[in-house]
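The structure under discussion appears below in the form of structure tokens.
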Amino acid sequence: MRSPTLVRDVMRPPVLTQEGTWFRELVRLLRDHDTEFLTVVDHQGRPVGAVTEEDLLLKLTRRWLDEPAEGLESAGRRTERRKAAAVTARELMSEPLLTIAASRPAAEAARLMRERDVRHLAVLDAGGWPAGVVDRSDVLALLLRPDEVIREDVEDLLAHLLRGGAASIGVQVCDGVAILRLARPADVPLEDLLPDVREVEGVLAARVADSTVERWRCPG
Amino acid sequence: MRTTVGDVMTSPVETVEPDAGFKEIVERLRARRISAVPVVDATGRALGIVSEADLLLKEDRAEVEGRQRFLEGRRSRRERVRAAAGTAAELMTSPAATIGADAPVAEAARAMRRRGVKRLAVVDEAGRVVGIVSRGDLLAVFTRSDDEIRDEIADEVIVGTLLLDPGPFEVQVREGVVTLRGEADRRTDAVLVARLAARVDGVVNVRSELIYRVDDGELAPARRRVGSDG
């Protein structure tokens, strides 16, 4: 089977900044590098945190001068208030930094972003140094693979799972939707294969063909 | 001066029709290097916004939808395949989060936060899309020059709004961080100068070293949730 796309294949270069960098310079860095995510490093270059566009925007959404705490304040509100008044990257940044190794599969980065509800991950090399950043759009690129390439991967997967049995299965991919059918009578539970097929890169949905009379061509 | 949404928005804007397919949307986003696009009807009114986040959610939904589709047999196959991948109308977040072009940027920032979105469709009185404004666009207010900020605080806040003699006040601005020095007549004047300076567009923080001759008492804490707080 084709080896999976790795984080290092889809990541972009990191935009690094120091803990002492001032707010306005952080805004410029975001704009000049067309990014939403800055990796904050200490004086040795070790990653210590991240500053995002969202952090900077708190300056506009919250009053930050002399604002009294509103009774019992939640930790989240307190953090927001502190960030809204922040001048330096150190005061603004989120810790700890959420990271993934460059050698991990890109699909794992997508999963981690969904699970932790974040838009970006800092990518580290084997030594723990900043190697890049991945965001949701980098991962979206995985979904754009041509149907023909996806189909070959699905066929390889089935051959791997079923050995000889795979020959009895027909695979069709239309606009990212994988459709399985029995090409000749055989005792293969197609439904059971769908979860694995859905894991193939670029597959948006997978199902079993409604009937053997369904036409053997993509529509449109 | 209040920077408005119209000052910082992207216009004209890329839009898609409700029946645009999943891959078409992804390709348009990538070709234009944008992360979301308004979905508009034939008259240009905003129906919703479809973003990268909506498209990624689709990955999670695919499994459930694939199963449902397997059970229903009547729609044409073509319709079904298309629906399995999703159209703009099915994928979009609706109704669209919108704002008028004359709203201040702080209001746009609060609207984004309330709706949990990264951008707003900018609409005219008839609801037609005239632009799109992203979080990055709003941050442009912080690129205002130090001189402009200084002049606004000295001329418009101290003299224009508070009607004070500018003589005793020294206003310094460095990278959007304002330092106030000098001796005000009254304590409330000193507090007000700092508080209003903090609301000037582009100000990152205010460090007040103002002193005063007469302590005329404490000012009530600033009211929260007023239209133009900052």
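The values are calculated or read from the model by the stated rules, or taken from the named source; none is laboratory data. Every value quoted in this text rests on a predicted model; they were computed, and no experiment measured them. Because the Cβ atoms are built from the backbone with ideal geometry, glycine has one as well, and the counts that use them run over all protein chains shown.
Taking the criterion of being in contact (Cβ under 8 Å) with a residue 60 or more places away in the chain and surrounded by fewer than 23 Cβ atoms within 10 Å (Cβ to Cβ), the only residue of the stretch A:24-35 that qualifies is A:Thr35.
For A:Glu115, the stated conditions do not hold, so it cannot be described as touching a strand residue (DSSP E or B) at 6+ places or on another chain (Cβ under 8 Å), more than 10 Å from chain B (Cβ to nearest Cβ) and surrounded by fewer than 16 Cβ atoms within 10 Å (Cβ to Cβ).
One line per residue, one yes/no per condition, for (1) at negative phi; (2) at pLDDT 50 or above; (3) among the hydroxyl-bearing types (Ser, Thr, Tyr):
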site	(1), (2), (3)
B:Ser11	yes, yes, yes
B:Phe22	yes, yes, no
B:Leu29	yes, yes, no
B:Ile34	yes, yes, no
B:Val37	yes, yes, no
B:Gly66	yes, no, no
B:Ala89	yes, yes, no
B:Met92	yes, yes, no
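For the stretch A:25-77, give me the residue count where each residue is under 23 Å from B:Val117 (Cα atoms) and either within 11 Å of chain B (Cβ to nearest Cβ) or at pLDDT 90 or above (or both). Final tally of qualifying residues: 29. Figure legend. Inter-residue proximity from the stretch A:45-61: first residues acidic (Asp, Glu), second residues outside any helix (DSSP H, G or I), beta-carbon distance below 7 Å, spacing 6+ or different chains. Indicated pairs: A:Glu53/A:Glu36; A:Asp55/A:Ser94. Within the stretch B:115-133, at least one residue is over 30 Å from A:Arg31 (Cα atoms) and loosely packed, with under 15 Cβ neighbours inside 10 Å. Exactly one residue out of A:Arg78, A:Arg90 is in contact (Cβ under 8 Å) with a residue 12 or more places away in the chain, more than 28 Å from B:Glu52 (Cβ to Cβ) and not in a loop (DSSP other than H, G, I, E, B): that is A:Arg90. Just so you know, in the stretch B:24-46 the residues that are in contact (Cβ under 8 Å) with a residue 40 or more places away in the chain and touching a Pro at 6+ places or on another chain (Cβ under 9 Å) include one that is nearest to the other protein chains (Cβ to nearest Cβ), and it is B:Val39.
Does A:Thr21 count as more than 24 Å from B:Met112 (Cβ to Cβ) and touching a helix residue (DSSP H, G or I) at 6+ places or on another chain (Cβ under 8 Å)? Criteria met by A:Thr21.
Is at least one residue of the stretch B:176-196 free of Cβ contacts under 8 Å to residues at least 24 places away in the same chain and either of a type in the set (Ser, Thr, Tyr) or surrounded by fewer than 17 Cβ atoms within 10 Å (Cβ to Cβ) (or both)? No: the stretch B:176-196 contains no residue that is free of Cβ contacts under 8 Å to residues at least 24 places away in the same chain and either of a type in the set (Ser, Thr, Tyr) or surrounded by fewer than 17 Cβ atoms within 10 Å (Cβ to Cβ) (or both). The set of residues in the stretch A:94-113 being small (Gly, Ala, Ser) and more than 30 Å from A:Ala84 (Cα to Cα) consists of A:Ala101, A:Ala102, A:Ser103, A:Ala106, A:Ala107. Whether a residue is modelled with pLDDT of 90 or more and under 20 Å from A:Ala110 (Cβ atoms) was assessed, and A:Leu194 passes this test.
Within the stretch A:121-139, is even one residue charged (D, E, K, R) and at pLDDT 85 or above? Scanning the stretch A:121-139 turns up at least one residue that is charged (D, E, K, R) and at pLDDT 85 or above. Quick one: count up the residues across the stretch A:125-163 that are more than 14 Å from every other protein chain (Cβ to nearest Cβ), of a type in the set (A, V, I, L, M) and under 15 Å from the mean Cα position of the chain (by Cα). Of the residues in the stretch A:125-163, 1 are more than 14 Å from every other protein chain (Cβ to nearest Cβ), of a type in the set (A, V, I, L, M) and under 15 Å from the mean Cα position of the chain (by Cα).
When the stretch B:86-98 is filtered for residues that are surrounded by fewer than 22 Cβ atoms within 10 Å (Cβ to Cβ), within 14 Å of chain A (Cβ to nearest Cβ) and not hydroxyl-bearing (Ser, Thr, Tyr), only B:Glu90 remains. Examine the stretch B:145-154 for a residue that is surrounded by 13 or more Cβ atoms within 10 Å (Cβ to Cβ), modelled with pLDDT of 90 or more and either of a type in the set (Val, Ile, Thr) or over 25 Å from A:Val87 (Cα atoms) (or both), and state whether such a residue exists. Yes: the stretch B:145-154 contains one or more residues that are surrounded by 13 or more Cβ atoms within 10 Å (Cβ to Cβ), modelled with pLDDT of 90 or more and either of a type in the set (Val, Ile, Thr) or over 25 Å from A:Val87 (Cα atoms) (or both). Return a yes/no flag: does the stretch A:126-140 have any residue that is crowded, with 19+ Cβ neighbours inside 10 Å, of a type in the set (Lys, Arg) and without any contact (Cβ under 8 Å) to a residue 40 or more places away in the chain. There is at least one residue in the stretch A:126-140 that is crowded, with 19+ Cβ neighbours inside 10 Å, of a type in the set (Lys, Arg) and without any contact (Cβ under 8 Å) to a residue 40 or more places away in the chain. Quick one: what pairs do we get from the stretch B:124-149, first residue within 14 Å of chain A (Cβ to nearest Cβ), second surrounded by fewer than 18 Cβ atoms within 10 Å (Cβ to Cβ) and of a type in the set (Phe, Trp, Tyr), C-beta under 7 Å, 6+ apart or different chains? No pair meets every condition. Candidates A:Ala205, A:Ala107, A:Ala186, A:Ala166: the one that is buried (at least 17 other Cβ atoms within 10 Å of the Cβ) and more than 10 Å from every other protein chain (Cβ to nearest Cβ) is A:Ala166. The sole residue among B:Val206, B:Val214 that is more than 30 Å from B:Val13 (Cβ to Cβ), within 9 Å of chain A (Cβ to nearest Cβ) and of a type in the set (A, V, I, L, M) is B:Val206.
Applying the criterion of being of a type outside the set (A, V, I, L, M) and under 8 Å from the mean Cα position of the chain (by Cα) to the residues of the stretch B:100-117, the residue that is farthest from the other protein chains (Cβ to nearest Cβ) is B:Glu107. Among residues of the stretch B:151-172 that are within 14 Å of B:Gly202 (Cβ to Cβ), those with a Cβ under 6 angstrom from a residue that is basic (Lys, Arg) and modelled with pLDDT of 95 or more, sequence gap 6+ or separate chain, pair up as B:Val171/B:Arg150.
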